[in-house]
Every structure is written in structure tokens, then in C-alpha cells.
Amino acid sequence: MVDGEHSALDDLELLRHRLGLPASAVDWERLLTINYCGYLQRGCSVIDVGAHHGMHSRRFLRYLRPANLLLVEPIPEMAAELRHEFRRRKEVEVRQVALGRESHRATFVVNDHSPGESGLIERRYNEGHGKTRLIDVTVEQLDAWELPFKVDFVKIDVEGGEVDVLRGASKFLARNRPILSVEYGEPSYSAYGLSPTTMHDVAIENGYLAVDLFGNIITTEEWGQVVNSYYWDFILLPKELVDSSAGHRARIRERARRSATHPRPLVERWRKRLRR
């Protein structure tokens, strides 16, 4: 994308109206993968907040070959599975904690019916119900972590708690200036009493701009029209990288649009590659 030629609203119009694609037809996890592979170089350092079953953790290892990969997962069973799976990977560390705006002990709601929708606060579940149980977890701040490496990318998928993670990470973000990926959708953020604009406001406060998964910078005026409209995944890009990332964003846009507009064959090809 060359800034000014395309916008987030242009691609939203293409997908929803001109092509009539339902959001469920798009492989958003693949688009997210296209994005971090487009922005990052091999040997980078990554934090996966809400690693869950490790889908993106495996993709980080396969495509980015990170020097450091820190997996954050508060559910004991999932953390144990991750430790077992990556036990021979010296570059991988698993921390069985949640992240938030302050350090404390808290109750965590595990949805055994859909573990990926678990969180510190019970959200509105995609299937309308869940088989839940409560566990006690340790909540930590990213600001309190002293890591021996500079962090290049942080994926945050914590079912509505993304803003709290960022609010507990202002010093961390100032030190490292990583690229971020966040999920922000009304079924989860509303459980935290947040508004549609909160994520955008917190990004601006920390010197970040929101970018869609097609490489488009989302302006303040556009944010209200794209949030909750079709997708929930966003990239937060440090303002100082906007100009230098133009070429990366153009390539991301080309690949992401091709994937989204021809979903079935490309998704199948991608899945076959992952199985190899």
C-alpha cells in the first residue's frame, strides 16, 4: 500500500459489499501470520501473551526462528502442555501467569468448552454458553519484567484484557517499542467496561497507530467505523516505524488481500504446509 491510495474503509468495502464475503470465510489467523512474517526478521524476540495451545507459537518458531520466544499462559494444563511440547527448544520459555495493569492474585475463568475464550473476567461467549470453572492465578505487569533481550513483537490475545495488559506495560513499551498484535471485539472488551474507542486511545497514548491486517493505517476517524464491524484483529505499530514500514505494508496488503479474496484454496495450501 502507498499511503493515500488505499484505506481501511476501502478494503472493508471490498470484502463486505463488493465481494460479499462473510467474516467467517476469511482465515484471520493466517492473515495475522502474514503480518508478523511481513514486519519481522528472523532471529527476532517475541512474547506470545495468551499462547493457549501454541498455534502461533509454532508458527513463530517455523517462520521467524526467534532468538527468544516467551509464552505466557495462565491455565495450568495448557502451560504444562506447552512446556512439554517445547522442552527441547532452548529459545522458548513458558510463564504460567496472566498479565494485567497491576500485579496481584486473581480469579481466572476457564471455559473448558472453549479454552481460548477463558479470561480474568467472564465474557460473552461466541457460542452463547460455556462450561466454566474458576482457578486462582498470578497476574503480573510487563513493566515489572526485566528481560535480558529487546522485544520486537508481542501478540496479545487475552479475551478482553488486552487494554489492561497495555496499561501495565507503558514503561515496557517505551523501552522496547515492539510491534503489537491485539484482538479487540465487543463480546470480550465489554466485559471489562470498555468502549469501542478505548483501545485506539491507549494506543495513541503510548505512541502507536492502529493498522488493519491489510497494512492500512486506521485513522482516528476510521476507527469508529471499523471496530466491531467485520474483524477484531489489529496491529499496533510504533509511530516512528510508519514511514519505514511502507514497503512491508504494501507487501502485506498484497498477500493478505489475495488470501482473503481467494480463501479456500489458499487456506488449504497453508494447512498442508503446516502439516509437513
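The values are calculated or read from the model by the stated rules, or taken from the named source; none is laboratory data. Values in this document were obtained by computation on a predicted structure and should not be read as measured data. Cβ atoms come from the backbone with ideal geometry, glycine included; neighbour counts cover every protein chain shown.
Checked against the criterion of being within 24 Å of Pro66 (Cβ to Cβ), buried (at least 19 other Cβ atoms within 10 Å of the Cβ) and at pLDDT 95 or above, the candidates Val182, Val139 yield just one match: Val182.
The condition (being in contact with an Asp or Glu (Cβ under 8 Å, 6 or more places away or on another chain), in a loop (DSSP other than H, G, I, E, B), at pLDDT below 90 and acidic (Asp, Glu)) is satisfied by just one residue among Glu159, Glu127, Glu122: Glu159.
Look at (1) under 30 Å from Asp136 (Cα atoms); (2) touching a residue at least 24 places away in the same chain (Cβ under 8 Å) and you find that Glu77 fails only one, number (2). Among the residues here, Ser24 qualifies as more than 15 Å from Val182 (Cα to Cα), out of contact with any strand residue (DSSP E or B) (no Cβ under 6 Å at 6 or more places or on another chain) and either at pLDDT below 95 or crowded, with 21+ Cβ neighbours inside 10 Å (or both).
When Val267 is tested against (1) at pLDDT 95 or above; (2) assigned to a helix (DSSP H, G or I), just one condition goes unmet, and that condition is (1). Within segment 197-231, the only residue that satisfies the criterion of being surrounded by fewer than 18 Cβ atoms within 10 Å (Cβ to Cβ), under 17 Å from the mean Cα position of the chain (by Cα) and not polar (S, T, N, Q) is Tyr230. Pairing each residue of segment 39-64 that is within 22 Å of Phe214 (Cα to Cα) with any residue that is among the aromatic types (Phe, Trp, Tyr) and in a loop (DSSP other than H, G, I, E, B), provided the two are 6+ apart or on different chains, yields no C-beta distance under 6 Å. Candidates in segment 98-119 are the residues that are buried (at least 17 other Cβ atoms within 10 Å of the Cβ) and modelled with pLDDT of 95 or more; of these, the one that is farthest from Arg65 (Cα to Cα) is Arg101. Of all residues in segment 74-91, those being assigned to a helix (DSSP H, G or I) and either on the phi > 0 side of the Ramachandran plot or surrounded by fewer than 18 Cβ atoms within 10 Å (Cβ to Cβ) (or both) number 7.
Yes/no per residue for (1) within 21 Å of the chain's Cα centre (by Cα); (2) crowded, with 22+ Cβ neighbours inside 10 Å; (3) part of a loop (DSSP other than H, G, I, E, B):
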residue: His17; (1), (2), (3): no, no, no
residue: Gln41; (1), (2), (3): yes, no, yes
residue: Asp48; (1), (2), (3): yes, yes, no
residue: Ser57; (1), (2), (3): yes, yes, no
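Screening Leu71 on (1) modelled with pLDDT of 95 or more; (2) outside any strand (DSSP E or B); (3) not polar (S, T, N, Q) shows it passes everything except condition (2). Against the conditions (1) surrounded by fewer than 16 Cβ atoms within 10 Å (Cβ to Cβ); (2) assigned to a loop (DSSP other than H, G, I, E, B); (3) not polar (S, T, N, Q), Pro66 satisfies every one except (1). The set of residues in segment 162-184 being of a type in the set (D, E, K, R), assigned to a helix (DSSP H, G or I) and more than 18 Å from Arg95 (Cβ to Cβ) consists of Arg167, Lys171, Arg175. List, please: which pairs have Cβ atoms under 8 Å, are six or more places apart or on different chains, and start with a residue in segment 140-165 that is at positive phi and end with one that is of a type in the set (D, E, K, R)? Hits for this filter: Glu159/Glu117; Glu159/Arg123; Glu159/Glu183; Gly160/Arg123.
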